[in-house]
Amino acid sequence: MLKKNRLFTPGPTPLLPSAQVAMASYTAHHRTTDFRAVFARVLSDLKEFIGTQNDVLVLTASGTGFMEASVSNLTSPGDKVLVLTAGKFGERWISVAKAFGCSVETATAPYGSTFSLDDIRARLTPEIRCVYVQATESSTGARHDIAAIAKLLRALPDALLIVDGITGLGTTHLDVDGWGIDVIIGGSQKALMIPPGLAYGAVSERAWRRMESAKSPRYYFDLRKERAAAAKVETSYTPATSLFAGLAAALEYVRQLGNGDMVAGRRALIDNAELCAAMTRAGVAALGLKLFAPSCPAAALTAVGAPAGTDSTTICKLFRDRFGAVVANGQAEMKGQLFRMAHIGYYDYLDTVGVLAALELVIAETTGKAVKFGSAVRAAQEVYARNMSEAKGRSLSAK
């Protein structure tokens with residue numbers, strides 16, 4: 001039977017068709033008026049997409065590049081920082097901070113869980129210069145309460161809050177300025193539906209002031225240099241020009257989701273991810289499978305524990321071999337224990353129903369147990385129908 005290749009991974013995600021066309025046809029040199037027009041539009045639209053009045057920068061790098069910049073630009077060797085870690089990407093913060101000579105304190109939570117606020121509070125001493133955390137830990141499918149964490153930091157006016165929102169932006173409602181997030185990071189290959197290669201972020205005035213005294217070495221990832229260049233509608237170094245064209249098209253798509261209003265479009269994109277995630281969780285439960293992060297599930301992706309006696313590597317392979325669908329295995333020591341299905345970016349109702357229909361067949365084959373075909377799909381459809389009914393009710397009451 002014919003198979004179409006489909007990505008259900010939390011990055012890279014499916015490409016937006018209009019962005020593909022824009023990238024394929026873009027040839028402008030980066031020191032021209034044509035590129036400056038695209039660059040200026042991207043910076044302006046990203047401010048609205050993130051929901052911030054702070055300066056926004058775009059680096060030609062993966063999201064990890066902006067993570068590194070958020071350490072090298074804001075710390076000096078020996079600075080005490082606090083990393084909140086509950087998965088592989090929290091552990092990445094630890095590695096980056098140690099690489100720049102920081103003294104790293106940690107508040108940890110088991111994989112698939114989120115943090116105890118009391119544990120964080122106990123570690124927020126006056127010596128802490130920066131706090132690093134994920135909005136969504138995509139290695140486990142857990143979402144962290146950034147609003148509550150930000151509130152704790154108000155007791156320490158000199159501590160900066162840096163949030164890896166690479167899978168959080170476009171899937172979670174984040175009040176960046178209202179909560180006092182000093183740096184928030186995004187990546188092009190996530191909710192904005194283009195290939196990897198651009199990392200973007202918003203930087204607060206408090207963070208810019210910190211950079212004046214920070215002593216860690218930096219060159220390519222010198223954010224002050226990028227800020228000065230952006231003020232002249234330029235980049236410091238050669239940008240990935242075709243990716244900027246794709247990003248401009250993707251941001252315009254988000255704007256049109258809101259009928260010309262970027263804020264409304266951002267909300268629609270997030271609500272779409274939330275609905276697809278809720279449908280998926282219902283389908284997973286209908287099959288008797290267990291969520292890996294049941295108490296704090298993300299909207300960007302759903303992590304599912306492998307059924308007893310099975311290996312998630314086999315599940316992922318069968319998805320691909322049988323249906324051309326790529327779902328993500330667990331990372332590192334979690335490989336074989338869980339699989340991850342994404343809802344971030346260019347996913348819709350039919351994608352969600354289709355992957356759940358495939359999941360029914362995959363689970364039947366890998367476990368050798370009887371599966372009631374249609375049970376996962378039906379559970380997802382019921383969630384969708386309730387959502388549509390509630391939305392219709394809200395619309396009528398607003399008239």
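The values are calculated or read from the model by the stated rules, or taken from the named source; none is laboratory data. Every value quoted in this text rests on a predicted model; they were computed, and no experiment measured them. All Cβ positions, even for glycine, are placed from backbone atoms using ideal geometry, and neighbour counts span all protein chains on display.
Residues of the range 216-241 being part of a helix (DSSP H, G or I) and more than 22 Å from the chain's Cα centre (by Cα), which ones?
Filtering the range 216-241 for residues part of a helix (DSSP H, G or I) gives 223-231, 241.
Arg224, Lys225, Glu226, Arg227, Ala228, Ala229, Ala230, Ala231, Thr241 - these are the residues of the range 216-241 that are part of a helix (DSSP H, G or I) and more than 22 Å from the chain's Cα centre (by Cα).
Are there any pairs with C-beta distances below 6 angstrom linking a residue in the range 259-280 that is within 16 Å of Leu350 (Cα to Cα) and assigned by TED's automatic domain parsing to the domain that holds Ala191 to a residue that is assigned to a helix (DSSP H, G or I) and modelled with pLDDT under 95, with the two at least 6 apart or on different chains, and if so which? Here the result reads none, with nothing in the range 259-280 linked to a residue that is assigned to a helix (DSSP H, G or I) and modelled with pLDDT under 95. Can you find even one residue in the range 197-208 that is more than 12 Å from the chain's Cα centre (by Cα), among the basic types (Lys, Arg) and at negative phi? Scanning the range 197-208, I find at least one residue that is more than 12 Å from the chain's Cα centre (by Cα), among the basic types (Lys, Arg) and at negative phi, so the answer is yes.
Yes or no: the range 52-60 includes at least one residue that is part of a helix (DSSP H, G or I), at pLDDT 95 or above and either crowded, with 24+ Cβ neighbours inside 10 Å or not assigned by TED's automatic domain parsing to the domain that holds Ser138 (or both). Break it down stepwise before answering.
Just the residues of the range 52-60 that are part of a helix (DSSP H, G or I), to begin with: none.
No: zero hits.
Please return the ranges of helices (runs of 4 or more DSSP H) entirely within the range 72-182 where 3 or more residues are free of Cβ contacts under 8 Å to residues at least 60 places away in the same chain and surrounded by fewer than 23 Cβ atoms within 10 Å (Cβ to Cβ). Let's see the steps before the verdict.
Details: elements: 88-99, 117-123, 146-153, 176-179.
It comes to 88-99, 117-123, 146-153.
Of the conditions (1) within 17 Å of Arg281 (Cβ to Cβ); (2) under 29 Å from the mean Cα position of the chain (by Cα); (3) surrounded by fewer than 20 Cβ atoms within 10 Å (Cβ to Cβ); (4) of a type outside the set (Phe, Trp, Tyr), Ser375 fails just one. Which one is it? So Ser375 meets the others, but not (2).
Being hydroxyl-bearing (Ser, Thr, Tyr), surrounded by 15 or more Cβ atoms within 10 Å (Cβ to Cβ) and part of a loop (DSSP other than H, G, I, E, B) is the filter here; which residues of the range 198-215 pass it? Don't jump to the end; show me each part of the working.
We begin by selecting, within the range 198-215, every residue hydroxyl-bearing (Ser, Thr, Tyr); these are 200, 204, 213.
Keeping just the survivors that are surrounded by 15 or more Cβ atoms within 10 Å (Cβ to Cβ) gives 200, 204.
Ser204 - this is the single residue of the range 198-215 that is hydroxyl-bearing (Ser, Thr, Tyr), surrounded by 15 or more Cβ atoms within 10 Å (Cβ to Cβ) and part of a loop (DSSP other than H, G, I, E, B).
Considering the conditions (1) more than 22 Å from Pro196 (Cβ to Cβ); (2) of a type outside the set (Ser, Thr, Tyr); (3) surrounded by fewer than 23 Cβ atoms within 10 Å (Cβ to Cβ), Leu359 is excluded by exactly one of them, (3). Picking from residues in the range 263-320 that are closer than 20 Å to Thr114 by Cα and among the hydroxyl-bearing types (Ser, Thr, Tyr), the one that is surrounded by the most Cβ atoms within 10 Å (Cβ to Cβ) is Thr302.
Let me confirm something: among Asp145, Asp119, Asp175, which residue is at pLDDT 95 or above, touching a strand residue (DSSP E or B) at 6+ places or on another chain (Cβ under 7 Å), acidic (Asp, Glu) and not assigned by TED's automatic domain parsing to the domain that holds Ala300? Quick ask: steps written out before the conclusion?
Values: Asp145 fails: touching a strand residue (DSSP E or B) at 6+ places or on another chain (Cβ under 7 Å); Asp175 fails: touching a strand residue (DSSP E or B) at 6+ places or on another chain (Cβ under 7 Å).
On inspection, the qualifying residue turns out to be Asp119.
Of all residues assigned to the range 317-338, none qualifies as being closer than 25 Å to Ser139 by Cα, touching a residue at least 60 places away in the same chain (Cβ under 8 Å) and of a type in the set (Asp, Glu).
Can you pull out the residues in the range 12-22 that are assigned to a helix (DSSP H, G or I) and within 22 Å of Asp351 (Cβ to Cβ)? Within the range 12-22, Pro17, Ser18, Ala19, Gln20, Val21 meet the criteria. Kindly indicate the residue of the range 1-44 that is surrounded by 13 or more Cβ atoms within 10 Å (Cβ to Cβ) and among the basic types (Lys, Arg) and also nearest to Thr167 (Cα to Cα) among those meeting that condition. In this case the residue turns out to be Arg6.
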